[in-house]
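Here's the structure, in C-alpha cells; my notes come after.
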Amino acid sequence: MKTAVVILNWNGRALLEKFLPSVVQHSEEARIYVADNASSDDSVEFLKEFFPQVEIIEIKENLGYAGGYNEALKKVSEELVILLNSDVEVTPNWLPPIISAFEKQAEVAAVQPKILDYKRKEFFEYAGAAGGFIDKFAYPFCRGRIFQHLEKDTGQYNDETFIFWASGACLAVRKSIFFEVGALDEDFFAHQEEIDLCWRLKNFGYKVKYVSASKIYHVGGGTLEMMNPRKTFYNFRNSLYLILKNVEGSEVYYILLGRMVLDGIAGIKFIIEGKFQHFIQILKAHGSFYQNFFRMKKKRRKGSNTGKYYEVPSVVYAHYIERKNEFRELKK
C-alpha cells in the first residue's frame with residue numbers, strides 16, 4: 001500500500017529536531033509529511049534547511065489536532081496514512097507490521113502499534129499503551145494503562161488483537177474510510193477525537209486493531225502537559241461529546257447523567273487535593289457541553305449498530321474501589 005507518515009506540528013521545532021531523524025531513518029516504506037499548524041517559531045525554516053526530503057504542508061491557522069489533520073490529509077495522496085505525534089521515536093521496521101495488518105484484512109480501518117514510554121522505556125505509555133477501550137461512562141483506559149497506573153512491558157501484550165480505539169499518538173488509518181465516516185470532529189479541538197473517530201469506524205462496520213510487532217516510544221504531553229488544567233477541560237467536555245454522539249437510544253441520557261455525577265466526584269477530589277484550577281475546568285467543561293448540546297446532538301451516530309461498546313461497566317469503580325490496576329484484572 002502507498003503509505004504516508006503525517007506529523008502535525010505546532011511550535012515544535014525542538015521536538016522535530018530530536019525525533020524526526022528516527023522517522024526519516026526508519027520509514028523507508030513511506031513518504032513523510034509535516035503539517036505545520038501555523039507555528040510562530042522557525043519550524044518551517046528548520047525543515048526546509050535540514051530535512052529537504054520531507055514534504056511540508058503549511059496550514060494558515062492553528063486548527064488543533066482534529067482540524068489540522070483533516071486539512072493535511074486532504075493534501076496527501078497516499079491511501080494509508082499514519083498520524084504520528086511529533087514527540088515519538090520510532091524503531092527499525094515499525095512500518096511493515098502496520099502495513100501488513102491492513103493488507104491482510106480489508107475490514108481493518110485503523111491500527112496502532114505498541115506504545116512505550118520514551119522516558120521509561122520498559123513501561124507502557126499513557127496515550128494508547130497496548131490498545132484502548134472505554135467503560136460504560138466513556139472513561140478511556142488501555143491494555144497496559146488504567147488511569148495513572150502504567151504497567152511494565154513484560155511481553156503480556158505481544159499479540160495482534162482488535163481494540164476499541166487506537167491512540168492519536170500513532171494512528172494508522174485508511175484515508176478513504178477516514179473521510180467516509182466524517183474525518184475527525186473539529187469541535188473536539190484536541191483530546192479524545194481519535195476515540196470518537198474509532199467509535200464511528202465501528203458504527204460503520206469497520207475494525208480497529210493493535211499490532212505489537214510495531215513498536216514506538218512516546219514522550220507524551222508534548223502540546224499540553226498531563227496535568228495542565230486546559231487538558232482537564234478537553235478531557236471532561238469531550239467525554240460528554242463522545243457519549244452524546246455515539247451511545248444509541250434513550251440510554252444516552254442515563255449514561256450522561258451518570259457521567260456527570262462521576263465528574264462531580266472527580267471535582268470534589270480535585271478540591272481535596274488542592275487542584276482548584278482543575279475543578280474550575282470541570283465546571284467550564286460542563287458549561288461548554290450545555291452550550292453546544294443541540295449542535296452535538298445533530299451529530300448522533302450514523303451507521304450500523306455496534307452493540308455493547310464498553311469493556312467493563314465502570315473502570316472508576318474497578319480501579320478506585322476494587323483496587324484493580326491492570327487490564328487483565330478488570331473482568332475477574
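The values are calculated or read from the model by the stated rules, or taken from the named source; none is laboratory data. As the structure is a computational prediction, the values presented were derived from the model and not from experiment. Reconstructed Cβ throughout: ideal geometry from the backbone, glycine too, with neighbour counts over all protein chains shown.
Using the structure shown, decide if residue 165 is within 30 Å of residue 325 (Cα to Cα), in contact (Cβ under 8 Å) with a residue 40 or more places away in the chain, of a type in the set (A, V, I, L, M, F, W, C) and touching an Asp or Glu at 6+ places or on another chain (Cβ under 7 Å).
Values: within 30 Å of residue 325 (Cα to Cα): yes; in contact (Cβ under 8 Å) with a residue 40 or more places away in the chain: yes; of a type in the set (A, V, I, L, M, F, W, C): yes; touching an Asp or Glu at 6+ places or on another chain (Cβ under 7 Å): yes.
Considered against the rule, which asks whether it is within 30 Å of residue 325 (Cα to Cα), in contact (Cβ under 8 Å) with a residue 40 or more places away in the chain, of a type in the set (A, V, I, L, M, F, W, C) and touching an Asp or Glu at 6+ places or on another chain (Cβ under 7 Å), residue 165 comes out as yes.
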I need the full set of residues from the range 151-177 which are among the aliphatic types (A, V, I, L, M), under 20 Å from residue 315 (Cα atoms) and either out of contact with any Lys or Arg (no Cβ under 8 Å at 6 or more places or on another chain) or surrounded by 23 or more Cβ atoms within 10 Å (Cβ to Cβ) (or both), in order please. 166
Could you check how many residues of the range 111-127 are under 19 Å from residue 190 (Cα atoms) and either touching a helix residue (DSSP H, G or I) at 6+ places or on another chain (Cβ under 9 Å) or acidic (Asp, Glu) (or both)? 2
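Give the number of residues within the range 130-154 that are assigned to a loop (DSSP other than H, G, I, E, B), touching a strand residue (DSSP E or B) at 6+ places or on another chain (Cβ under 9 Å) and not acidic (Asp, Glu).
Taking the range 130-154 first, the residues assigned to a loop (DSSP other than H, G, I, E, B) are 130-131, 135-139, 143-144, 147-148, 151, 153-154.
Okay, now just the ones that are also touching a strand residue (DSSP E or B) at 6+ places or on another chain (Cβ under 9 Å), so 130-131, 135, 143-144, 147, 151, 153.
Then keep just the ones that are not acidic (Asp, Glu); that gives 130-131, 143-144, 147.
The number of residues fulfilling the criteria is 5.
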With the requirement that a residue be surrounded by fewer than 24 Cβ atoms within 10 Å (Cβ to Cβ) and over 17 Å from residue 242 (Cβ atoms), what does the range 126-135 give you? 126
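Residue by residue through the range 136-149, note down the ones that are more than 12 Å from residue 212 (Cβ to Cβ) and surrounded by 20 or more Cβ atoms within 10 Å (Cβ to Cβ). Explain how you work it out, then say what you get.
Taking the range 136-149 as the starting set, the residues that turn out to be more than 12 Å from residue 212 (Cβ to Cβ) are 136-142, 145-149.
Once the filter is applied, which keeps residues that are more than 12 Å from residue 212 (Cβ to Cβ) and surrounded by 20 or more Cβ atoms within 10 Å (Cβ to Cβ), the range 136-149 yields 136, 137, 138, 139, 140, 141, 142, 145, 146.
Restricting to the range 281-330, count the residues that are in a helix (DSSP H, G or I), among the hydroxyl-bearing types (Ser, Thr, Tyr) and either surrounded by 13 or more Cβ atoms within 10 Å (Cβ to Cβ) or at pLDDT below 95 (or both). Give the steps one after another, and end with the answer.
First, the residues of the range 281-330 that are in a helix (DSSP H, G or I): 281-291, 293-297, 315-321, 327-329.
From what's left, among the hydroxyl-bearing types (Ser, Thr, Tyr): 288, 290, 317, 320.
Filter once more, so that each one left must be either surrounded by 13 or more Cβ atoms within 10 Å (Cβ to Cβ) or at pLDDT below 95 (or both): 288, 317, 320.
So the count comes out to 3.
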